[in-house]
1. How would you classify the chain from its alpha-carbon gyration tensor, with a ≥ b ≥ c the square roots of the eigenvalues: rounded for a/c under 1.5, else prolate if a/b is greater than b/c, otherwise oblate?
2. For each of 115, 140, count neighbouring Cβ atoms within 10 Å of the residue's Cβ, then give the residues from fewest to most.
3. Which angle from 0 to 90°, rounded to the nearest 10, does the C-alpha axis of helix 151-168 make with the longest principal axis of the chain?
4. Modelled label-to-label distance, residue 93 and residue 28, 7 Å Cα→beta-carbon offset: nm?
5. Any chance you could give the angle, 0 to 90 degrees and rounded to 10, that helix 11-20 forms with the longest Cα principal axis of the chain?
6. Please give the helix 122-148 orientation as an angle from the longest Cα principal axis of the chain, in degrees from 0 to 90, rounded to the nearest 10.
7. Round to the nearest 0.05 the FRET efficiency obtained for residue 199 and residue 13 when R0 = 51 Å and r is the Cβ-Cβ distance.
8. Taking a label point 7 Å from the Cα of residue 206 along the Cα→Cβ vector, which residues of region 144-165 have an amide N closer than 16 Å to it?
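Bear in mind these aren't lab numbers, they're just calculated from the coordinates by the rules spelled out. Quick caveat: nothing in here was measured; it's all calculated off a predicted structure. Don't worry about glycine lacking a Cβ; one is built from the backbone with ideal geometry, like all the others, and counts go over all protein chains shown.
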């Protein structure tokens with residue numbers, strides 16, 4: 001039986017890290033995060049997550065994917081949810097939410113309702129609104145990745161995005177991160193075959209822009225990688241709450 005990954009920190013701290021990366025928050029501002037529910041679930045790799053109407057859950061460990069399934073069994077992963085991200089119910093019957101690796105989630109319904117009210121927690125509401133705008137930008141970035149970028153550009157762009165998202169919750173190093181993302185997951189996310197993904201990763205390795213082994217991903221030259229795929233670097237890993245100038 002697969003056992004879900006252990007959270008790197010308390011769920012309230014994880015969410016505090018994410019929201020504080022968008023704007024400075026004081027201890028009093030973060031106090032409502034203590035309202036996170038105690039309904040903690042472990043999910044084995046491959047398990048589907050069923051969310052009720054209006055339910056929201058916080059990913060506290062692992063990797064969760066949202067996908068559309070085609071009639072012949074193929075899938076297109078439309079979003080990856082990392083620790084610190086929020087899950088909401090799918091829109092259609094063929095919209096599937098599943099654990100792509102051993103994962104954990106926590107009920108966040110009551111808290112998210114409060115964050116949506118600017119009068120209840122104005123500072124957190126402003127940070128949450130900015131986090132939501134970032135998610136909307138990520139959706140558009142994914143559309144562009146699939147529609148216009150080459151396999152090489154898609155792969156580089158995705159890895160840089162994942163790195164910066166993990167930087168926000170302090171789960172990435174300056175030039176790399178740990179994430180249980182397989183080549184099969186990358187293929188279903190990028191709309192490529194596993195063979196094509198493997199060739200692209202090998203090319204990035206040969207060029208000295210990537211190291212990749214058993215979920216450990218190294219990005220030794222983020223600047224050159226960003227230039228190769230047109231990615232606009234947003235954060236410095238040493239200052240996760242600040243945007244780079246320009």
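1. Values: a/c = 1.74, a/b = 1.26, b/c = 1.38.
Oblate shape, in that a/c is at least 1.5 and b/c is the bigger or equal ratio.
2. Values: 115 25, 140 9.
Listed from fewest to most nearby Cβ atoms, that is 140, 115.
3. The angle comes out at about 30 degrees.
4. My value for the distance between the label points is 5.3 nm.
5. Around 80 degrees separate the two axes.
6. The answer is roughly 20 degrees.
7. Numbers: r = 40 Å, r/R0 = 0.78.
Efficiency, rounded to the nearest 0.05: 0.80.
8. 151-153
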